[in-house]
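Colleague: Right, I'll just put the structure down here and ask away after.
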Amino acid sequence: MTPDLPPDVSPDDADILWTDAGRPFVRTPDECFADLPDYPWEPRYAEVDGMRMHYAEVGDPDGEVVLLLHGQPDWSYLYRSMIPMLAASGNRVIAPDFIGFGKSDKPVQLADYRFLQHVAWTEEFIDVLGLDGITPVVQDWGSLIGLRCVGNRPDLFARIVVANGNLLVLPEGAKILTLPDSLEPQDLEFPDVIGPGGGMDMFQAWATYALVGKDFMPSVPMRATIGAPITDAELAAYDAPFPGRIYMAGPRTFPSLLNTVGDVPTNEAARAVLEEFDRPVLGCFGLRDPIFATPDLIAATRERITGALGQPHHDYPDAGHMIQEDAGDDLAARIAAWIAATPRP
């Protein structure tokens, strides 16, 4: 079998593995993760769809399950400052890497990445670990995936923390983005995604840049979108999972997955279930985020989900899209105190 690879990727670039179902994937060598700053946890793996899905687990095995879901183009390293504080408060903290990211296995075919496929992989991960009574902390694509999981199976979840996120509903078959006809690499500059306005034009430029920009690496958007001080070594940690282009199908395609949110079944039924979720829901937003910090998207959590009414929501005027980097310590303390104040019946 020969995998269907982008034109800038060769099957000789890495050892390609295959699932029993015939999905080709690669595995980032362990040495790529040596000496990561402030990420000391031993890797753990769950088998998901014939691949390894990595997670860090810290804290009391009998504590409240806090599931930290990252977005794009990052991985669980994004939560490194929050994990210790949440664990020290007596919680069982689990920070997975989505398939295609971090220390998880990475399908090499761009077409293997679709929104509902990531939902299915995440639900299988939850089942393999036998999790319930979950408090997910969701951001960016972690919110679309995580909140869809809540809408699909609400009984597994005790609370929800939305930190710069939303569950978007699009009509069946909707294609919001116009993607390049060719996957040939292009000389593109990273678009301005932190300035005011921009809307879909900005997101379209971002999706195109990620998909075909020949110099795209996760550290580039991370440097641009993180407002807090960050070292070169920490930025390099965001690139660590991707030692070559063959490893990068996940971060390359994630923005483009917006065109698969309207796959059948759509988010409409899950969104209706989410809005009726009556257990505690906390919405914390970095107001410098031009994507998720709009009044309507903040209201989508705080005003349209039953369990969010009357909760101690919080805004961070100086934090942006990467709220875990810009306000991680305070956000973790706030979440830990809120979990303690909302015990399950």
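Colleague: Could you list, in sequence order, all residues of segment 265-278 that are surrounded by 17 or more Cβ atoms within 10 Å (Cβ to Cβ) and either out of contact with any helix residue (DSSP H, G or I) (no Cβ under 9 Å at 6 or more places or on another chain) or not in a helix (DSSP H, G or I) (or both)?
Modeller: Of everything in segment 265-278, those that are surrounded by 17 or more Cβ atoms within 10 Å (Cβ to Cβ) and either out of contact with any helix residue (DSSP H, G or I) (no Cβ under 9 Å at 6 or more places or on another chain) or not in a helix (DSSP H, G or I) (or both) turn out to be T266, N267, F277.
Colleague: Here's another thing I want to ask about it. Residue by residue through segment 86-118, note down the ones that are hydrophobic (A, V, I, L, M, F, W, C) and either closer than 17 Å to P73 by Cα or open to solvent by 10 Å² or more (accessible area, probe 1.4 Å) (or both).
Modeller: Within segment 86-118, A87, A88, A95, F98, I99, F101, V108, L110, A111, F115, L116 meet the criteria.
Colleague: Condition check: in contact (Cβ under 8 Å) with a residue 60 or more places away in the chain, open to solvent by less than 60 Å² (accessible area, probe 1.4 Å), among the aliphatic types (A, V, I, L, M) and over 20 Å from P243 (Cα atoms). Does A46 satisfy that?
Modeller: Values: in contact (Cβ under 8 Å) with a residue 60 or more places away in the chain: yes; open to solvent by less than 60 Å² (accessible area, probe 1.4 Å): yes; among the aliphatic types (A, V, I, L, M): yes; over 20 Å from P243 (Cα atoms): yes.
Considered against the rule, which asks whether it is in contact (Cβ under 8 Å) with a residue 60 or more places away in the chain, open to solvent by less than 60 Å² (accessible area, probe 1.4 Å), among the aliphatic types (A, V, I, L, M) and over 20 Å from P243 (Cα atoms), A46 comes out as yes.
Colleague: Filtering segment 1-29 down to residues that are over 18 Å from I99 (Cβ atoms) and not in a loop (DSSP other than H, G, I, E, B), which residue is least open to solvent (accessible area, probe 1.4 Å)?
Modeller: Filtering segment 1-29 for residues that are over 18 Å from I99 (Cβ atoms) and not in a loop (DSSP other than H, G, I, E, B), the one least open to solvent (accessible area, probe 1.4 Å) comes out as P11.
Colleague: In segment 238-250, how many are over 13 Å from H118 (Cβ atoms) and either outside any loop (DSSP other than H, G, I, E, B) or open to solvent by 10 Å² or more (accessible area, probe 1.4 Å) (or both)?
Modeller: Adding up the residues that qualify gives 8.
Colleague: Does segment 209-236 hold any residues that are over 16 Å from the mean Cα position of the chain (by Cα) and either part of a helix (DSSP H, G or I) or of a type in the set (F, W, Y) (or both), and which are they?
Modeller: Within segment 209-236, Y209, L211, V212, F216, V220, R223, A224, D232, A233, E234, L235, A236 meet the criteria.
Colleague: Given A300, A333, A319, A340, which one is assigned to a helix (DSSP H, G or I), small (G, A, S) and either at positive phi or buried (at least 21 other Cβ atoms within 10 Å of the Cβ) (or both)?
Modeller: Residue meeting the stated conditions: A300.
Colleague: Moving on to the next point. Contact list please: Cβ distance under 8 Å, first residue in segment 83-98 and of a type in the set (V, I, T), second residue in a loop (DSSP other than H, G, I, E, B), pairs at least six apart or on different chains.
Modeller: Short answer, once both residue conditions are applied: I83/W41; I94/L131.
Colleague: Only one of these conditions is not met by S81: (1) open to solvent by less than 40 Å² (accessible area, probe 1.4 Å); (2) of a type in the set (G, A, S); (3) under 18 Å from the mean Cα position of the chain (by Cα). Which number is it?
Modeller: (1)
The values are calculated or read from the model by the stated rules, or taken from the named source; none is laboratory data. These figures come from a predicted structure and were not determined experimentally. Heads up, the Cβs are rebuilt from the backbone with ideal geometry, glycines too, and the neighbour counts pull from every protein chain shown. In case anyone asks, the SASA skips ligands and DNA or RNA and just uses the protein heavy atoms, side chains included. Shrake-Rupley method; radii C 1.70, N 1.55, O 1.52, S 1.80 Å.
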